Amino acid sequence: MSYYTLVTALPDLPTLAKCKQMPISRIALDRRLTMLTDEDQQQLKLAESLYYFGSKQPEMLSDQKLVYQWQYQLTQIESEEIRQCIQSRLEWQSLLAALRQRQQGDKGPEQFYGLGRWTMRIRQHWHEPAFGLETALPLLAELQPLMQKGAAGEVERQVNNWLWQNLLRIERSHHFSIETVICFVLRWGLAEKQIQNDADQALEAFESMAEVLIDAPVIREHIESAFEELS
Amino acid sequence: MDNLILALGWAGLYGPMAMGAIGSMIGCSLAGQAAAGALLETETGHGRYIGISAMPSSQSIYGIVVMFALNRELTLGNAPGLAAIGLLCGLALMFSAIYQGRSCASAINVSKIRPEIFGMSLAPAAIVEGFAVFAFIFALVISAGVPA
């Protein structure tokens, strides 16, 4: 299958920080992705379901079962680079889950299940701030204090930036191939997630501001007097 | 053996044309597919995308000219020379057309995102064309030394 038509039919995605509006809707994107063969579409679907497992997980599985499922599904990804890319995304997921689990304190290292090369190290260095991975993963050392402060939004933003750069690197090293298409679709998903989060944050900020304003004595008086006039 | 040498001579005569055409087909097809995709994504500048996709067709023309330059009565004396020049020139034209097609596809892909770099993005395709011209010119020059 030739990917020349499809790749040039995909719009440019700006950097994640500048992404305020999706350049293409999911419906339009799906219409263009029909140019892929059935086999490629299956690979894309599998890659997306692994990359965005949280939003599309139909049933609640235990951590152990989830890791086994990921391991099995990863073997079905044909492209070596895409497999590694998804694996590193799931490794980050495991690292963040370990930080969260340790912070909550209800489970010990023996109950931790994660995917990838760091799992054993996490268990062995459970009580070290960044599981002894400061040198291998400098970003983790930056994220750990943020996680402790409860700045989950900032942690997610930084991890998403890292994932975006990783996808962009692979996309640019492959011209007109299935890897280019999969990386584009995964980046599209990250951008959409960020815009969705921004919208949610804006709504939350508006609601809290509205509550503060309504609670203000002067405004409350005005509202009460307005109600009295009406009644 | 004589027949094989003569057959190779004929292959050398027709090779530049045939291989240049094969390369042009593939190159134009790759660039054309990219242009078709870019049409979906852009509002203007459609003509230039289609224009670029025709760039790899020049190798067919070079092949035709080389074929005419090599065309002469085939003998056992000139067949090996014609075979060597024709087939090697044909290979050079074929590969240059294919890779030029890929360069054109990349040019279309990037100029779709940033139209202002359209001219600059064509430089790699033009450089590949330059090598095809080398193969073409020197095939003409060297064919003068092949006995008629």
Scan (1) assigned to a helix (DSSP H, G or I); (2) of a type in the set (A, V, I, L, M); (3) crowded, with 16+ Cβ neighbours inside 10 Å for the single condition residue A:130 breaks and write down its number. (1)
Name every residue in the range A:7-32 that is touching a Leu at 6+ places or on another chain (Cβ under 7 Å) and within 14 Å of another protein chain (Cβ to nearest Cβ), in order of residue number. A:9, A:23, A:32
Members of the range B:30-50 that are more than 12 Å from residue A:2 (Cβ to Cβ), within 8 Å of chain A (Cβ to nearest Cβ) and open to solvent by less than 50 Å² (accessible area, probe 1.4 Å): B:35, B:38
Filter the range A:22-49 for residues that are free of Cβ contacts under 8 Å to residues at least 40 places away in the same chain, exposed (fewer than 15 other Cβ atoms within 10 Å of the Cβ) and charged (D, E, K, R) and give the result. A:30, A:31, A:38, A:39, A:45
Positions within the range B:106-135 being within 14 Å of another protein chain (Cβ to nearest Cβ), farther than 22 Å from residue A:181 by Cβ and among the charged types (D, E, K, R), in sequence order: B:116
I need a count of the residues in the range A:177-231 that are free of Cβ contacts under 8 Å to residues at least 24 places away in the same chain and basic (Lys, Arg). 1
Hey, among B:103, B:96, which residue is within 14 Å of chain A (Cβ to nearest Cβ) and buried (at least 20 other Cβ atoms within 10 Å of the Cβ)? B:103
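The values are calculated or read from the model by the stated rules, or taken from the named source; none is laboratory data. It should be emphasised that the depicted structure is a prediction, and the values quoted were computed from it without experimental measurement. Note: ideal-geometry Cβ built from the backbone for every residue, glycine included; neighbour counts use all protein chains shown. Side chains are part of the model used for accessible areas, which takes the heavy atoms of the whole protein and leaves out ligands, DNA and RNA. Shrake-Rupley method; radii C 1.70, N 1.55, O 1.52, S 1.80 Å.
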